[in-house]
Amino acid sequence: MNLCTLGCAVLFIASPLVAVADDLEDAFTSLKEAESKKDAALVKKLAAEACAVARQAASQPAPPDAALKEAWTKRIAFARDVELYSEYALFATALQAPAATTVDLLSTLEHQNPKSKYLNDAYAAYFQALIQTGAAAKIPAIAEKAIAHFPENVDLLLVLTEASRQQIARAGAYAERLLVALGKSKKPEGVSQADWDRRQGAARTRALFLAGISHSEKKEWFQADKDLRAALPYLKGDEQSLAAALFHLGLVNYQIGRLTLNKSRVLEAARFSDQAAQIKSPFAEQAWRNGGVMRAEAAKMR
């Protein structure tokens, strides 16, 4: 929101050409002052009032008198700017507020306009605030509803990917969408390059891992191998995910080796299985058995 431009619009509309703009100007001025003071309670109240006044003003029909039409057009444009500013005020104040207030203001913004462009940059802070206030259980439902309006939002897709892990096909579909969204996303203002790279890397790793598991479950061996190999170096420290990735890499490369009559690929599958067996996880025992079967199979190959 360009406040200078909006301020100029106030001065222009306030001219004698349009005397009926008083309520709209007053709503904007009061909200702007509350937002500058970071008065969250007042911003919430005045944002709702400004939005209501702006929507009422924007709904007024065009006057039949051509001489009044120019003023009406400018008034409608100003009303839309004021409504947009009411969304910005909620967003900007929420990002600088304690967690409970952040949740309150951003949920208010969602209710006021679930398609607000400011929400697209707010979900990371929104979800963190929900976690801090003990309301993390609400996050998947919020993400499920919001994704219809922001289908390429990385924060929403990451939440939905993780929340769908028990439905691996669904998780894989979200993971594929997440990988595409990550390729298009740009660093928002106010986020350091180091933090951005870290967040992007973590999201990409989870997406590759879950997409790879999904491909493996669907017997899409080559795509599974590609995704899991890409994720593997970044899973150190997450023993359970590492065990799962190694286990599936064993299965995947065994199948590829058999399909292509590639003995070295079958032996590599056995090594992946052996590594999975060394990690205490639900995969350990089966991975150990798989490794033996794979080595026996390789011994029969030329």
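What accessible area per residue comes out for the chain, rounded to a whole number of Å², with a 1.4 Å probe?
53 Å²
Could you give me the ³J(HN,Hα) list for segment 142-155, computed from phi with Karplus coefficients 6.51, -1.76, 1.60 and θ = phi - 60°, whole Hz, x at Gly and Pro?
5, 5, 4, 6, 6, 4, 5, 8, 10, x, 10, 6, 4, 5
Mind scanning 69/145; 38/69; 115/184 and naming the pairs with a C-alpha gap bigger than 30 Å?
Details: 69/145 40 Å; 38/69 37 Å; 115/184 20 Å.
Flagged as over cut-off: 69/145; 38/69.
Could you run the Karplus curve 6.51 cos²θ - 1.76 cosθ + 1.60 with θ = phi - 60° over segment 38-50 and give me ³J(HN,Hα) per residue in whole Hz, x for Gly and Pro?
6, 8, 4, 4, 6, 4, 4, 5, 6, 5, 5, 5, 5
About its Cα centre, what dipole magnitude does segment 40-142 give when the only charges are +1 on Lys and Arg Cβ and -1 on Asp and Glu Cβ, stated in debye to the nearest 20?
Numbers: 10 positive and 9 negative charges, 18 e Å.
It comes to approximately 80 debye.
For the chain, what does -39500 (n - 2.57) per DSSP helix run (n ≥ 4), summed and divided by total residues, give at 222 nm, in deg cm²/dmol to the nearest 500? Present the calculation step by step, with values, prior to reporting the outcome.
Numbers: 14 runs with 223 residues, N = 302.
The per-residue figure over the chain is -24500 deg cm²/dmol.
Tally up the carbon and sulfur contribution to the accessible surface of segment 175-252 as a whole percent, 1.4 Å probe, everything protein left in place.
Of the solvent-accessible surface of segment 175-252, carbon and sulfur hold 55 percent.
Based on the mean of other Cβ atoms within 10 Å per residue, sort peptides 77-85, 186-194 so the most packed one is first.
Details: 77-85: 20.4, 186-194: 8.9.
Put in order of decreasing packing, that is 77-85, 186-194.
So if R0 is 45 Å, what FRET efficiency would residue 45 and residue 217 give, r being the distance between their Cβ atoms, rounded to the nearest 0.05?
Approximately 0.30, to the nearest 0.05.
For segment 21-88, build the charge dipole from Cβ charges (+1 Lys, Arg; -1 Asp, Glu) around the Cα centre, then report which of 48, 29, 63 sits farthest towards its positive end.
The residue sitting most towards the positive pole is 48.
Just to be sure I understand the curve: with the Debye formula and one point per C-alpha of the chain, what is log10 I(q)/I(0) at q = 0.07, 0.08, 0.09 Å⁻¹?
Ignoring solvent entirely, the Cα scatterers give -0.43, -0.52, -0.61.
Each label point is 7 Å from the Cα along the Cα-to-Cβ direction; what then is the distance between the points at residue 131 and residue 62, in nm?
About 5.1 nm, to one decimal.
Could you put 260, 161 in order of accessible surface area, largest first, with the 1.4 Å probe and the full protein assembly present?
260, 161
If you take the beta carbon distance between residue 120 and residue 229 as r and set R0 to 51 Å, what does 1/(1 + (r/R0)^6) give as a FRET efficiency, to the nearest 0.05?
Details: r = 32 Å, r/R0 = 0.64.
The value I calculate is 0.95.
Residue 23 to residue 193: FRET efficiency via 1/(1 + (r/R0)^6), r the Cβ-Cβ distance, R0 35 Å, to the nearest 0.05?
Once rounded, the FRET efficiency stands at 0.20.
To the nearest 20 Debye, how big is the dipole of the chain about its Cα centre, given +1 on the beta carbon of each Lys and Arg and -1 on that of each Asp and Glu?
In total the dipole reaches around 1800 debye.
Trypsin sites (Lys or Arg not before Pro), restricted to segment 215-265: which are DSSP loop and have at most 13 other Cβ atoms within 10 Å?
Passing both the DSSP loop test and the Cβ count: 218, 219, 236.
By how many nm would the segment from residue 100 to residue 184 lengthen if fully extended, with 0.36 nm per residue of separation less the alpha-carbon distance?
The residue 100-residue 184 span can extend by a further 27.1 nm.
Tell me which of 171, 123, 260 sits at the most positive position along the dipole axis of the chain, charges placed on C-beta atoms (Lys, Arg +1; Asp, Glu -1).
Working it through, the farthest residue towards the positive pole turns out to be 260.
What's the extension gain from residue 264 to residue 145 if we count 0.36 nm per residue and subtract their Cα-Cα distance?
In short, 38.1 nm is gained.
With only Lys, Arg, Asp and Glu charged, each at its Cβ (+1 for the first two, -1 for the last two), find how big the charge dipole of segment 155-283 is about the Cα centre; round to the nearest 20 debye.
The dipole of segment 155-283 has a size of about 260 debye.
The values are calculated or read from the model by the stated rules, or taken from the named source; none is laboratory data. On a predicted model such as this, the values are computed, not experimentally measured, just so you know. As a convention, Cβ positions derive from the backbone with ideal geometry for all residues, glycine included, and neighbour counts pool all protein chains shown. Please note that ligands, DNA and RNA were not included when accessible areas were found on the heavy atoms of the full protein model with its side chains. Shrake-Rupley method; radii C 1.70, N 1.55, O 1.52, S 1.80 Å.
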